[in-house]
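Here's the structure we're looking at; comments come further down.
Here, each number is a calculation from the coordinates, and none is a lab measurement. Keep in mind the model is a prediction, meaning the values are calculated, not measured. Quick reminder, even Gly has a Cβ in these numbers, built from the backbone with ideal geometry, and neighbours come from all protein chains shown.
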Amino acid sequence: MYAIVNISGQQYKVEKDQKLFVHRLEDKEGQTVQFDEVLLIDNDKDVVVGDPTIKGAMITGKVLSHPKGDKVHIFKKKKRKGYRVHRGHRQYLTEIQIQDIVEKGAPAKAMAGAETKSEAKAKPGAKAGSGIKAAAATEKKATAKPAAKPAAKPAAKPAAKSPAKPASKTTAKPAAKKNTGTGQKKPGADKK
């Protein structure tokens, strides 16, 4: 039995008792973590595919450690230009061990009030589990016109005006002379 689950924005194929490295999670070592964005479960005989996720499915894991990944060297050079740049990067990771894959019947209190991190970022004002209709209703509320217009402000007294200036005049500039590229003067150029 295996499942495909979304963890920190990346999809992983997981099995029970498997250890894997994911992008750094905020949970401490020894804590239990639950992932409810299960996209697919293969139970040897039948395959359940989510739309986009499987409702009621949950993956439970335990945080083992918070290591750093291998160093990645980034070296750039442009020959004959004297340009050499060397940079490195070590990714912060979390090692987790998958404890259980639940296809249906995840604890109701964990599913009802819990928002996944991706939902909270995508829709900051929406509730967990709200679908496209709720997002559209929220959008309509935000773009709806106010019921009553506020009272008009009293007109301010006009300030003393200086004498009116004439409209800006557009003066045509003489066209620039074209360079013929020969380096010679045009005939009659010295007469003006």
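Report D for region 2-121 in µm² per second (integer): Stokes-Einstein, Kirkwood Rh on Cα pairs, 25 °C, 0.890 mPa s. It comes out at roughly 150 µm²/s. Restriction of the trypsin sites (Lys or Arg not before Pro) in region 1-52 to DSSP coil positions whose beta-carbon has at most 11 other beta-carbons within 10 angstrom yields Lys28, Lys45. Counting Lys and Arg as +1 and Asp and Glu as -1 over every other residue whose Cβ lies under 9 Å from the Cβ of Val33, the net charge comes to 0. Based on the Cβ-Cβ distance from Tyr83 to Gln10, what FRET efficiency comes out when R0 is 45 Å, to the nearest 0.05? Calculated value: 0.85.
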